[in-house]
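A.B. asks: First the structure, then my questions, so here it is.
The values are calculated or read from the model by the stated rules, or taken from the named source; none is laboratory data. From a predicted model like this one, the values you see are computed outputs, not experimental measurements. Note that each Cβ is placed from the backbone with ideal geometry, even for glycine, and that neighbours are counted across all protein chains shown. The area values use the complete protein model at the heavy-atom level, side chains included, leaving out ligands, DNA and RNA. Shrake-Rupley method; radii C 1.70, N 1.55, O 1.52, S 1.80 Å.
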Amino acid sequence: SNSLAAGLENVAVKSKEMSKGEMLKKEYKNLKPFVIISSAYLLFTITDGAVRMIVLLHAYNKGFSAMEVAVMFTLYETAGVGTNLCAGLLGAKWGIRWTLLVGLSLQLVMLGSLFGWQDDWGKTTAIMYVTLCQMLGGVAKDLTKLGGKTVTKLITPDEKQTRLFKLVSLITGWKNSLKGVGYFLGAACLDVSDDWGYEFALGMLMVLILLAYPWTIIGLDKNLGMAKSKNVSLGAVLFNDNFNLNVLSLARMFLFGARDLWFEVPLPFFLRSAVSDGGMGLARPTVGLFLALYIILYGQMQSYTPQLVSEPLRQSPPNKYAAVLWAFLIIPVTAYLGMFCQFSSIFEDHDKGGMLVVLISGIASFAVIFAINSSVHSYLVVRYADG
């Protein structure tokens, strides 16, 4: 009887070990696409931030105005809107690997096309050419982003919404932090040489994109993310009857518009413009560093929003009321920056030290609150996607 008991105990131990092994294998299978897609997405993000700084500062050096540079980025944003509408359909039909590879390829084409920007072109020709190049970048960004956001949902069970919130916050936060690294990298590479710094910077970005290719091709299942049902239609995407998702999308348009209106082009132009023209007169790498620190702070705050904000305030996972609350809290910070810039003697007398204190304190506060908003919105988008 003792030998029988010992035998049964050995069988139980082996079964337990096998179950642990199977659990580890299952966990590895789930995490492998997450690691590959996230890594490719994050490498892409560095180039996305860097190319914006390269184009913006290169255009500034060529004498383009802030409005002319803003025009260069219009198709980047509008193409992104169109791609967002269709990206889910494309991913459902052909899988995440396909959309990710197409996104990376379009980014390579866009970077290669920017080598063609000639110094002897007129402003109209240059604006049209760069705008079309940026359009490719906008499509590439949203095709690549589809994988980065979707894979978190695929590896998280429905009952683990707090885990989903943390994963979405983590990937979104690190994406933005590395975009900040890209801002500085682009400005620094551009400053290497006045003669060939532009070409050097673009070449560096192409290398980063190429690093993401092998793992994406080899490591991802072509069926990952495909819809089980084959009757996914463009009409269902364009005329989505998901009320929550539609309202949230409209809210996100205004939320991010409230930031991009002053941050994307006016702020770097103000920082770079000469003191005699009313600007700060900062060097290109310093402008890149200033914007990079904002985005890195913003990204890290996104990553740790669940631990630092939502859980202590018992808002994890967050709901629509949390989204409304944090949206309202960003208004006083924006008003603070606007009032100082328009009516303060610090800006009227061009007190450079005081101006930096106002900008740094205001922009840092904006970054923290906006990051919480973005983290909540990113989670709700993934959560509401299923209705």
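A.B. asks: Within region 313-340, work out how many residues are more than 26 Å from ASN244 (Cβ to Cβ) and without any contact (Cβ under 8 Å) to a residue 12 or more places away in the chain.
C.D. replies: Residues in region 313-340 being more than 26 Å from ASN244 (Cβ to Cβ) and without any contact (Cβ under 8 Å) to a residue 12 or more places away in the chain: 4 in total.
A.B. asks: So is PHE328 open to solvent by 50 Å² or more (accessible area, probe 1.4 Å), part of a helix (DSSP H, G or I) and under 19 Å from MET253 (Cβ atoms) or not?
C.D. replies: Criteria met by PHE328.
A.B. asks: Does region 353-374 contain at least one residue that is of a type outside the set (A, V, I, L, M, F, W, C) and assigned to a loop (DSSP other than H, G, I, E, B)?
C.D. replies: no
A.B. asks: Looking at region 43-63, can you tell me whether even one residue there is at pLDDT 90 or above, more than 17 Å from the chain's Cα centre (by Cα) and outside any helix (DSSP H, G or I)?
C.D. replies: yes
A.B. asks: If you don't mind, another one. Report, by residue number, each residue of region 331-367 that is open to solvent by 50 Å² or more (accessible area, probe 1.4 Å) and of a type in the set (Phe, Trp, Tyr).
C.D. replies: Hits for region 331-367 are TYR336, PHE340, PHE343.
A.B. asks: Another one. Based on what the data block shows, is ALA385 among the aliphatic types (A, V, I, L, M), at pLDDT below 85, surrounded by fewer than 17 Cβ atoms within 10 Å (Cβ to Cβ) and over 25 Å from VAL181 (Cα atoms)?
C.D. replies: Yes; evaluated as a whole, the condition is true for this residue.
A.B. asks: On the given criteria, is ARG272 of a type in the set (D, E, K, R) and within 23 Å of ASN61 (Cα to Cα)?
C.D. replies: yes
A.B. asks: Just to be sure I understand the filter: pairs with C-beta atoms under 8 Å, separated by 6 or more residues or on different chains, first member in region 275-287 and without any contact (Cβ under 8 Å) to a residue 60 or more places away in the chain, second member aromatic (Phe, Trp, Tyr) and open to solvent by less than 50 Å² (accessible area, probe 1.4 Å). Which pairs pass?
C.D. replies: Close Cβ pairs satisfying both conditions: GLY279/PHE269; LEU282/PHE290.
A.B. asks: Which number in (1) under 18 Å from the mean Cα position of the chain (by Cα); (2) open to solvent by less than 70 Å² (accessible area, probe 1.4 Å) marks the one condition that TYR304 misses?
C.D. replies: Of (1) under 18 Å from the mean Cα position of the chain (by Cα); (2) open to solvent by less than 70 Å² (accessible area, probe 1.4 Å), only one is false for TYR304: (2).
A.B. asks: Regarding ILE296, is this residue aliphatic (A, V, I, L, M), out of contact with any Lys or Arg (no Cβ under 8 Å at 6 or more places or on another chain) and open to solvent by 80 Å² or more (accessible area, probe 1.4 Å)?
C.D. replies: In short, no.
A.B. asks: When both residues are 6+ apart or on different chains and their Cβ atoms are under 6 Å apart, which pairs have a first residue that lies in region 53-67 and is within 9 Å of PHE269 (Cα to Cα) and touching a residue at least 60 places away in the same chain (Cβ under 8 Å), and a second that is of a type in the set (Val, Ile, Thr) and assigned to a loop (DSSP other than H, G, I, E, B)?
C.D. replies: Filtered contacts from region 53-67: ALA66/VAL265.
A.B. asks: Regarding SER39, is this residue among the polar types (S, T, N, Q) and under 17 Å from the mean Cα position of the chain (by Cα)?
C.D. replies: yes
A.B. asks: Would a scan of region 114-123 turn up a residue that is at pLDDT 90 or above, crowded, with 21+ Cβ neighbours inside 10 Å and closer than 21 Å to LEU208 by Cβ?
C.D. replies: yes
A.B. asks: When you look at SER276, is it among the polar types (S, T, N, Q), at pLDDT 90 or above, more than 30 Å from LEU245 (Cβ to Cβ) and open to solvent by 10 Å² or more (accessible area, probe 1.4 Å), yes or no?
C.D. replies: Numbers: among the polar types (S, T, N, Q): yes; at pLDDT 90 or above: no; more than 30 Å from LEU245 (Cβ to Cβ): yes; open to solvent by 10 Å² or more (accessible area, probe 1.4 Å): yes.
When the stated conditions are applied, SER276 does not pass them.
A.B. asks: Residue check, SER316 against (1) within 30 Å of SER273 (Cα to Cα); (2) in contact with a helix residue (DSSP H, G or I) (Cβ under 6 Å, 6 or more places away or on another chain); (3) part of a loop (DSSP other than H, G, I, E, B), all met but one. Which one?
C.D. replies: Here SER316 meets the rest and fails (1).
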